[in-house]
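Step one of this worksheet: look at the structure below.
The values are calculated or read from the model by the stated rules, or taken from the named source; none is laboratory data. Here the structure is a predicted model, which is why all the values come from computation and not from measurement. Ideal geometry is used to build each Cβ from the backbone, glycine not excepted, and the neighbour counts take in all protein chains shown.
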Amino acid sequence: MSQDVIEALRRAEKMRIEFVANVSHELRTPMTSIKGYAETLLQDFEEGRAIDPDFLKIILKNSNRLIALINDLLDLSAIESGADQINLCDLDILEISKHVVSNLHHHAKSKDMEIVLDCRTNLVKADPKRLEQVMTNLIDNAIKYCPPKSVVNVEWSKVDDEVILKVIDHGPGIPEKYLDRLFERFYRVDKGRSRETGGTGLGLAIVKHIMQRHGGTAFVESKIGVGTAFICKFPV
Ligand SMILES: Nc1ncnc2c1ncn2[C@@H]1O[C@H](COP(=O)(O)OP(=O)(O)O)[C@@H](O)[C@H]1O
Ligand SMILES: [Mg+2]
């Protein structure tokens, strides 16, 4: 075996070990909380004390986190392994974008934010379910990580032989040193903030793998104090 192949295998093995460690850690935090609160509730019940419904709410919230995490992990593995077929269709950009924006309407409204759609091209060749997922992940992040009352711009255009989706926000921006790693699994700039808002840290990894399966690319540009743009390019 050549030195390059050995080096690549070593890197893959290191990534696998890190991934297992990361998943275990991500699962342990909500599980520990569920166990702790269930024990407290049981003790209260056995000793005749009133049961605090807030504890039940915490158990429910952490159970939902576990489910979201496992769903994202299964999804990522299906996309990555190729087990899930990509079903390329000519999609009507305006129609699918309106559908995604209307699904996120409540989330945007809860922060008094506006999503502005600008479609300068009509069609994209993509898997409908996967495109919806890419747009949802990116717009959802823009809403989550930006201040209330700000605007999110969703722009579609065609340049040469690529159809380009841009999700542009006017939030705090992301420091340059983090940009390289943003699409890695479980990578978050602010772990506490991400967990608090129900994030799994897998959204951008899923976006990247979906774009790769389409023969396209996903990348980010950001400027502190100005905002962030996530850009996805689909081959025509
Ligand atoms: N529009 C954005 N503005 C600022 N930070 C962002 C934005 N989108 C993503 N991020 C950062 O990238 C991290 C990874 O995003 P993602 O993979 O979707 O995970 P999650 O949203 O579950 O935390 C987020 O935790 C956040 O720190
Ligand atoms: Mg996200």
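Worth pointing out:
- For the stretch 103-134, residues that are among the aliphatic types (A, V, I, L, M) and more than 25 Å from Gln212 (Cβ to Cβ) total 5.
- The one condition from (1) assigned to a helix (DSSP H, G or I); (2) surrounded by fewer than 12 Cβ atoms within 10 Å (Cβ to Cβ) that Asp44 does not meet is (2).
- Residues considered: Ile231, Ile210. Of these, the only one that is within 16 Å of ligand 2 (Cβ to nearest atom) and modelled with pLDDT of 95 or more is Ile210.
- The number of residues in the stretch 154-209 being in a helix (DSSP H, G or I) and under 26 Å from Phe234 (Cβ atoms) comes to 9.
- Index of the failed condition, Arg181 passing every other in (1) touching a residue at least 40 places away in the same chain (Cβ under 8 Å); (2) away from ligand 2 (no atom under 13 Å from the Cβ): (1)
- Looking only at residues of the stretch 110-153 that are assigned to a loop (DSSP other than H, G, I, E, B) and either in contact with a Gly (Cβ under 8 Å, 6 or more places away or on another chain) or closer than 17 Å to Thr217 by Cβ (or both), we find that the one that is nearest to ligand 2 (Cβ to nearest atom) is Cys146.
- Yes/no for Ile139 being in contact with a Lys or Arg (Cβ under 8 Å, 6 or more places away or on another chain) and in the same structural domain as Arg195 (by TED's automatic domain parsing): no
- Of all residues making up the stretch 115-151, the number that are more than 20 Å from the chain's Cα centre (by Cα) and either among the charged types (D, E, K, R) or at positive phi (or both): 4
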